[in-house]
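Worksheet for the structure shown next.
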Amino acid sequence: MSKQVARVGKYEIVQRIGTGGFGAVYEARDPFLKRPVAVKTCLVPDEADQARFFREAELVGSLQHRNITTVHDFGIHDGMPYLVEELLTGDDLDLLIRREDPIPLARKVEILIGIVYGLEHAHNAGIVHRDIKPSNIRLLEDGTVKIMDFGIASSLHWEGNPGEMGMTLGTSAYLAPERIQGHAADRRSDVFSVGVLAYEFLTYRKPFEGETTSDILDRILKQEPQPIARFAPDVPAALAALVIRALEKEPGRRYGSISALREDLMAVHRDLSARPWKLETVPQPIPIAPEASADPPTPPSIRIARGSRRTLQTAALAFLAIAGVVVLLWPRGRPEKVSIAAVARDTALPPRAAAPPKTSESAPSLPESKPAQLVPAPARVAAPKPAFVPERRSVIRFSRPPSPEEEESEIPLRRSERARQRQLAQRYIRAAEEPGLSQETRAHLYLQSALAYHASGDLRLAEKRLATAIALSPELEVNAASYGPAFARLTRKRRTETP
């Protein structure tokens, strides 16, 4: 199609954004629905290739899932077939891998779960993708995972012509061994491709590398990948084990279905979510004003130990013990009853001015002209104010109640974390409401939303989603202890409140 062509069917072409397996991909606009779309064209002249384009368009058009690119329309313009899909924003997964973006491990597992959810929907519909790779995974700006190009590229390079395998290096690096040997692809072939993608996403290295396509295919058939812990020591052993199982050479030793892989990924995500939360802003010392203080500086001998409130308590107890010892050892030769006021009176009056006798037992007041110099003022006995405050990591870990200023500084952190957990819970709920899921899958999704709501502090919604999950899968309540302390607390509370 020439650059001067401004329309394909009813769609107004905006710009060319890429090249697909069969032709060009354009950003376009639907003039009636007023929405942007992506138009993929089929420019290959071969009738067999066009027939495969028709069939692939029909298969992808039958899939409706939040993790799969949505197909809006299909048609023929001046003898050229075209496919209309939703216009995706964000970045491809291969761009994130090439940049080695510092993505948290839990978020990486969430992305893998989104990929597997989309494949599970396709597999349940009898469709095998056959070309899973990072460049076919798009991460939208709102965090949603989308699988693109269902079967088109692999249909062009593979179907009916094994001799053309490996025309694209990226595709060759993710091929299952049975496909290299010329056998038909099945669901377990997608499992292997997901294993290659997961290995690369976790380590930012391909498990099978080589200078040529033949080298890569040979290593896929004969060599085992390096241990994940060698390149990513923070990856849990359970997560590394499920990736290695997906990369087994023999299809029978891999996961029998993508659903089984998804369940293990969700179990790993639960374990990561159950770990003690650590604020990413720690440590944060409390800022101290640089202005000079009117209070006297703290002597080095009584400087407060950093980060330890128990030191203050220990020092106070030691002071009281010393004071008690001094009282016990005080000399006994003094009069039995000596008032401090009397001592001050005797020392403050002139030697020749005898004080008049006092019949009252109360101590006389001191003369205003000569205050007592030997009686220390009580205010001077108090310990001086510390020159600095011990470092604190967060309100959650600090033993003492925070001051109003400290509490105010923690509010943005708490709000952002609670908002993140609420968004995560809503994403699980949207995933649970997708059609075509099994009852057990919905129960686990509602369970994850309950845990996220619990982490956000919204116990009412947490209990509501927990009740929905248990209604779908009653055995969840029996195995409460295996899902972490938060879930166990919710189930105990539910049992106590249920009549």
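The figures follow:
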| quantity | calculated |
| --- | --- |
| Residue identified as over 33 Å from the mean Cα position of the chain (by Cα), part of a helix (DSSP H, G or I) and not aliphatic (A, V, I, L, M) among Asp49, Asp73 | Asp49 |
| Looking only at region 465-499, and only at residues there that are over 23 Å from the mean Cα position of the chain (by Cα), within 17 Å of Ala431 (Cβ to Cβ) and not hydrophobic (A, V, I, L, M, F, W, C), the one that is modelled with the lowest pLDDT | Ser473 |
| Residues satisfying the stated conditions in region 229-258, i.e. in a helix (DSSP H, G or I) and surrounded by 19 or more Cβ atoms within 10 Å (Cβ to Cβ) | Leu239, Ala240, Leu242, Val243, Ala246, Ile258 |
| Check on Arg35, surrounded by fewer than 17 Cβ atoms within 10 Å (Cβ to Cβ) and at pLDDT 90 or above | yes |
| Check on Phe208, at pLDDT 90 or above and part of a helix (DSSP H, G or I) | no |
| Filtered residues of region 56-91 (kept if in contact with a Leu (Cβ under 9 Å, 6 or more places away or on another chain), surrounded by 17 or more Cβ atoms within 10 Å (Cβ to Cβ) and hydroxyl-bearing (Ser, Thr, Tyr)) | Thr69 |
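Yes/no matrix, rows are residues, columns are (1) in contact with a Leu (Cβ under 9 Å, 6 or more places away or on another chain); (2) buried (at least 22 other Cβ atoms within 10 Å of the Cβ); (3) at negative phi:
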position	(1), (2), (3)
Ala176	no, yes, yes
Ala184	no, no, yes
Ser189	yes, yes, yes
Ser193	yes, yes, yes
Asp215	no, no, yes
Ile220	yes, yes, yes
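The values are calculated or read from the model by the stated rules, or taken from the named source; none is laboratory data. The shown structure was predicted, so the numbers you read here are calculated from the model rather than taken from an experiment. Note that we place each Cβ from the backbone using ideal geometry, even for glycine, and neighbour counts take in every protein chain shown.
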